[in-house]
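Engineer: Sharing a structure below in structure tokens format, with a few things to ask.
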Amino acid sequence: MAEKKERKETMGVQGIWNVGAYRYKAPPLMEEYTQGLKEKKIIGSWCRGCAKVIVPPRNICGRCHRRMDERIVVSQRGTITSYIISTPMQKGKYKVLGMDPVDMGVVSENEIIIPAFVRFDGSDSNVQLLMIDTDPDTLYVGMRVKAVWAEERQGALSDLVGVTPLSKDEIST
Ligand SMILES: [Zn+2]
């Protein structure tokens with residue numbers, strides 16, 4: 001093992017990687033969607049051919065292949081069409097994009113995350129979002145939910161934090 005003797009420690013390079021200096025170049029459609037989110041609007045594209053509404057907006061209808069130039073703002077309320085309940089998140093157990101979400105502070109130790117598919121009222125497609133403040137035991141497909149917004153919105157996908165169940169009072173209104 002001659003190599004190990006030659007180099008006692010791994011090589012290091014001094015410098016700062018300023019991740020914040022990079023701006024994610026979203027394609028125009030996603031830009032349109034995220035600018036809508038900034039104003040608490042969920043934008044979809046409406047098809048003249050088959051009248052389907054797709055969120056986030058698309059250029060071409062996947063159903064009838066027409067151009068989708070029309071835009072529509074859909075409801076902030078929707079219905080859960082499917083969901084997954086994670087096992088409790090533990091440090092050193094999972095890697096997301098090569099990083100440990102517990103270590104990064106994205107989730108706390110033993111936190112359960114619930115990604116769900118949501119069909120917002122007035123749309124015909126599903127958006128994958130996290131359930132916020134939701135007791136996993138109360139969840140069901142068909143549950144009515146509403147959008148949860150970031151306090152300070154920046155025109156990013158993260159402006160729409162997730163969805164949370166409607167209260168009984170909200171369901172009846
Ligand atoms: Zn269509």
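Engineer: Please list, in order along the range 73-82, the HN-Hα scalar couplings obtained from phi with the Karplus expression 6.51 cos²θ - 1.76 cosθ + 1.60 (θ = phi - 60°), rounded to whole Hz, x for Gly and Pro.
Structural biologist: Values per residue, Gly and Pro as x: 9, 8, 5, 8, 9, x, 10, 6, 9, 6 Hz.
Engineer: Could you derive backbone 3J(HN,Hα) for the range 149-155 from the dihedral phi with the Karplus parameters 6.51, -1.76 and 1.60 (θ = phi - 60°), listing whole Hz in sequence and x where the residue is Gly or Pro?
Structural biologist: In residue order, the calculated couplings are 9, 5, 4, 10, 9, 10, x Hz.
Engineer: Let me ask something else about it. Between LEU139 and GLN14, what's the calculated FRET efficiency when r is the beta-carbon distance and R0 is 45 Å? Round to 0.05.
Structural biologist: Details: r = 49 Å, r/R0 = 1.09.
With a Förster radius of 45 Å, E is 0.35.
Engineer: Let me ask another. What is the percent of Cα-Cα separations in the chain that go past 22 Å? Spell out each step's value before the answer.
Structural biologist: Details: 8685 of 14878 pairs.
Everything past 22 Å amounts to 58 percent.
Engineer: For labels at ILE60 and LYS95 in the simple 7 Å Cα→Cβ model, what's the distance in nm?
Structural biologist: That separation, rounded to one decimal, is 3.6 nm.
Engineer: For helix 28-38, report the angle its Cα long axis makes with the longest principal axis of the Cα atoms of the chain; keep it between 0 and 90° and round to the nearest 10°.
Structural biologist: Taking Cα atoms only, the helix is inclined about 80 degrees.
Engineer: May I ask which residue of VAL141, SER82, GLY122 lies farthest towards the positive end of the charge dipole of the chain, with charges of +1 (Lys, Arg) and -1 (Asp, Glu) on Cβ and the Cα centre as origin?
Structural biologist: Value computed over the given set: GLY122.
Engineer: Calculate the spin-label point distance for VAL148 paired with GLU32, positioning each point 7 Å from the Cα along the beta-carbon direction, and give it in nanometres.
Structural biologist: Taking the two extended label points, one gets 3.0 nm.
Engineer: Counting other beta carbons within 10 Å of each Cβ, put LEU37, LEU166 in order, fewest first. Intermediate results must be reported in sequence, preceding the final value.
Structural biologist: Details: LEU37 22, LEU166 16.
Lowest to highest Cβ neighbour count: LEU166, LEU37.
Engineer: Moving to a separate point now. Per DSSP H run of n ≥ 4, the term is -39500 (n - 2.57); total these for the chain, divide by its residue number, and report the mean residue ellipticity at 222 nm rounded to 500 deg cm²/dmol.
Structural biologist: Details: 4 runs with 25 residues, N = 173.
Dividing the helical sum by the residues of the chain leaves -3500 deg cm²/dmol.
Engineer: Count charges around SER108 for me, please; just the other residues with Cβ under 13 Å from its Cβ, Lys/Arg as +1, Asp/Glu as -1. Don't skip to the end; give the middle numbers.
Structural biologist: Details: positive: LYS91; negative: ASP100, ASP103, GLU109, GLU111.
Summing Lys/Arg as +1 and Asp/Glu as -1 gives -3.
Engineer: Let me ask something additional. Once you charge only the Cβ atoms, +1 for Lys and Arg and -1 for Asp and Glu, what is the size of the charge dipole of the chain about its Cα centre, to the nearest 20 debye? Walk me through the numbers on the way to the answer.
Structural biologist: Values: 25 positive and 22 negative charges, 156 e Å.
Dipole of the chain, to the nearest 20 debye: 740 debye.
Read-outs: derived from the displayed coordinates by stated rules, not from any lab. All of these numbers come straight from a predicted model, not from anything done at the bench. Backbone-built Cβ (ideal geometry, glycine too); neighbour counts: all protein chains shown.
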